[in-house]
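Here, each number is a calculation from the coordinates, and none is a lab measurement. Model, not experiment: these values are computed from the prediction. Ideal geometry is used to build each Cβ from the backbone, glycine not excepted, and the neighbour counts take in all protein chains shown.
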Amino acid sequence: MKLTKLSPKILTLLALALLVIIAPMFFPSSFYYRIGALIFINGLAVIGLVILVGYAGQISLGHAGFVGIGAYSCALAPEHLGISPVLAVFLGAFLSGLLAWLVGRPILRLRGHYLAVATLGFGILIYMVLSNEAQWTGGPDGMAVQATGLKALLKSMGFKVSASEMWYWIAAVVMMIGALIALNLHTSPTGRALRSLHDSEVAAGTVGVNVANYKLSAFVISAIYTSVSGSELALMNRFISPDVAGFLHSVELLTMTVLGGAATVFGAVIGAAILTSLPQVLTVLHDFEHIVLGLIMMLVMIFMREGLVPSLAKILRRRPK
């Protein structure tokens with residue numbers, strides 16, 4: 001079978017799998033496994049935003065709030081409920097989905113910059129709760145997260161890997177599962193309905209699409225994605241602070257989405273890879289990270305409005321054969 005005859009879904013999954021498998025061959029130290037894990041964790045959150053922004057055409061400036069819910073679920077649930085940190089991931093996803101459903105019903109009636117401001121307010125509210133409820137969350141200083149016990153389990157089975165290597169592969173597998181779900185959603189009747197909202201909510205409603213329900217579904221699904229990414233981040237770092245739910249983190253995730261291509265799953269991972277690795281590799285830019293972030297977003301919006309991956313794909317298609 002020729003490569004060009006493969007469906008876009010299969011090509012995307014193959015490209016992501018190759019990226020996951022080949023990347024460690026170029027890692028000079030275990031430190032880069034950690035960067036890779038961070039890329040895949042952010043990539044999962046950005047795939048969730050692709051469903052909301054790229055598929056359904058809705059905007060959110062507060063999605064880091066769901067990252068915070070997922071992260072703090074893994075810190076608080078084992079301590080106060082006695083459940084395992086791994087089960088706490090599912091609890092965080094459930095709570096995020098439920099909260100997204102409750103909050104999304106009123107705010108998704110808004111459009112454009114009104115919706116952006118409403119989601120911004122939601123994100124700030126989550127951040128303030130996590131920062132101020134110090135008796136539960138540790139306040140601005142954050143709190144420790146219990147170990148999952150996965151490394152000890154792997155060691156007992158004869159697998160000797162560092163924590164960074166273990167989380168690289170865990171984050172990669174979870175991201176691949178998230179990518180598969182998003183790609184299947186894209187080609188499903190639900191995905192087609194979401195894309196019709198992106199083009200025109202009025203036209204979609206005219207042909208029988210339940211606009212409110214589909215917008216809410218996209219919001220809930222994207223919240224679950226970002227919650228799981230927050231849980232992974234907390235379990236990998238074994239420490240969490242309210243900053244993960246802050247406005248700047250929401251902007252970072254949205255910039256990753258726009259940079260790679262808001263409508264493509266592969267673009268989401270590329271955007272996450274670029275903006276996650278730059279501050280880690282080029283430490284000289286650390287003090288100017290958010291300035292660079294703003295410049296990147298401006299340049300992409302001016303010269304590559306569809307994002308890097310769709311824009312480069314267009315250029316390649318235009319080349320004479």
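Note on residue 312 and residue 239: the extension gain reaches 22.4 nm, defined as 0.36 nm multiplied by sequence separation minus the Cα-Cα distance. Taking other residues whose beta carbon is less than 14 angstrom from the beta carbon of residue 188, and scoring Lys, Arg as +1 and Asp, Glu as -1, yields +3.
Fully extending the segment from residue 136 to residue 301 would add 55.3 nm, taking 0.36 nm per residue of separation and subtracting the current Cα-Cα distance. Other residues within the sphere of radius under 10 Å centred on the Cβ of residue 146, judged by their own Cβ, net out at 0 (K and R +1, D and E -1). Karplus-based coupling profile of region 153-167, in residue order and whole Hz: 5, 5, 5, 5, 8, x, 9, 9, 10, 6, 4, 5, 5, 4, 6, with θ = phi - 60° in 6.51 cos²θ - 1.76 cosθ + 1.60 and x standing for Gly or Pro. Here region 118-177 is treated as a sphere whose radius is the Kirkwood value from Cα pairs; by Stokes-Einstein at 20 °C and 1.002 mPa s it diffuses with a coefficient of 147 µm²/s.
Footprinting exposure proxy ranking of 214, 168, 72, fewest other C-beta atoms within 10 angstrom first, gives 214, 168, 72.
Three principal axis extents describe the C-alpha atoms of region 75-189; from largest down they are 54, 46, 22 Å.
Packing order of peptides 308-314, 73-79, highest average first: 73-79, 308-314 (average count of other Cβ atoms within 10 Å over each peptide's residues).
Length gained on full extension, residue 18 to residue 291: 95.0 nm, using 0.36 nm per residue less the C-alpha separation.
Using θ = phi - 60° in the Karplus curve 6.51 cos²θ - 1.76 cosθ + 1.60, the 3J(HN,Hα) couplings for region 237-248 round to 7, 6, 7, 8, 9, x, 4, 5, 9, x, 4, 4 Hz; x is entered for Gly and Pro.
Calculate the all-directions average of the projected area of region 3-318's alpha-carbon convex hull, and give it in nm². It would help to have the intermediate numbers written out before the result.
On the way: hull surface 70.9 nm².
Averaging across all directions leaves 17.7 nm² for the Cα convex hull.
Taken as Cα centroids, region 7-79 and region 153-173 sit 18 Å apart, rounded to the nearest whole angstrom. Summary value for the chain: 34 percent relative contact order, contacts being C-alpha pairs under 8 angstrom separated by 6+ residues.
Each peptide in 54-63, 290-299 was scored by the mean count of other Cβ atoms within 10 Å over its residues; highest first, the order is 54-63, 290-299. Dipole orientation for the chain: of the candidates 217, 65, 136, 217 has the Cα lying most toward the positive pole (charges on Cβ; Lys, Arg +1; Asp, Glu -1).
Just order 108-120, 147-159 by mean Cβ neighbour count inside 10 Å, highest at the front, would you? Working shown, then result.
Details: 108-120: 16.2, 147-159: 11.9.
Highest-to-lowest ranking by the protection proxy: 108-120, 147-159.
If you add up the charges near residue 131, with Lys and Arg at +1 and Asp and Glu at -1, over every other residue whose beta carbon is less than 15 angstrom from its beta carbon, what do you get? Intermediate results must be reported in sequence, preceding the final value.
Details: positive: none; negative: 133, 141, 243.
Taking every other residue near residue 131 into account, the sum is -3.
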